[in-house]
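The values are calculated or read from the model by the stated rules, or taken from the named source; none is laboratory data. Computed from a predicted structure; not experimentally measured. Glycine also receives a Cβ, built like all others from the backbone with ideal geometry; neighbour counts cover every protein chain displayed.
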Amino acid sequence: SLDADKCKKCNACLDACGMGIIKLEDIGNSTDCILCGRCVEACPTKALHFTVKK
């Protein structure tokens, strides 16, 4: 998920994406996203995180 208050829209997450996701709202939601976590690691403000649902 994306914490909009922390996100500076620097696009570091999109630049790090190996799957070519081009919109912030598609991270973790697109069928192209493989949940590799590159975007989470690249985010300088830690605005992104994935949670596992049981």
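Which of the residues that make up the range 29-48 are under 12 Å from residue 1 (Cα atoms) and either aliphatic (A, V, I, L, M) or at pLDDT 90 or above (or both)? Even if it seems obvious, please write down each step before you answer.
Within the range 29-48, the subset under 12 Å from residue 1 (Cα atoms) is 29, 35, 37, 39-40, 46-48.
35, 37, 39, 40, 46, 47, 48 - these are the residues of the range 29-48 that are under 12 Å from residue 1 (Cα atoms) and either aliphatic (A, V, I, L, M) or at pLDDT 90 or above (or both).
In this structure, is residue 9 without any contact (Cβ under 8 Å) to a residue 24 or more places away in the chain, on the phi > 0 side of the Ramachandran plot and of a type outside the set (A, V, I, L, M)?
Working: without any contact (Cβ under 8 Å) to a residue 24 or more places away in the chain: yes; on the phi > 0 side of the Ramachandran plot: yes; of a type outside the set (A, V, I, L, M): yes.
Yes: the conditions hold for residue 9.
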- Item | Index of the failed condition, residue 10 passing every other in (1) outside any helix (DSSP H, G or I); (2) exposed (fewer than 13 other Cβ atoms within 10 Å of the Cβ) | (2)
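Quick one: is residue 15 loosely packed, with under 11 Cβ neighbours inside 10 Å, at pLDDT 90 or above and assigned to a helix (DSSP H, G or I)?
yes
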- Message: The conditions are (1) touching a residue at least 40 places away in the same chain (Cβ under 8 Å); (2) in contact with a Cys (Cβ under 8 Å, 6 or more places away or on another chain), and residue 49 fails exactly one of them. Which is it?
- Response: (2)
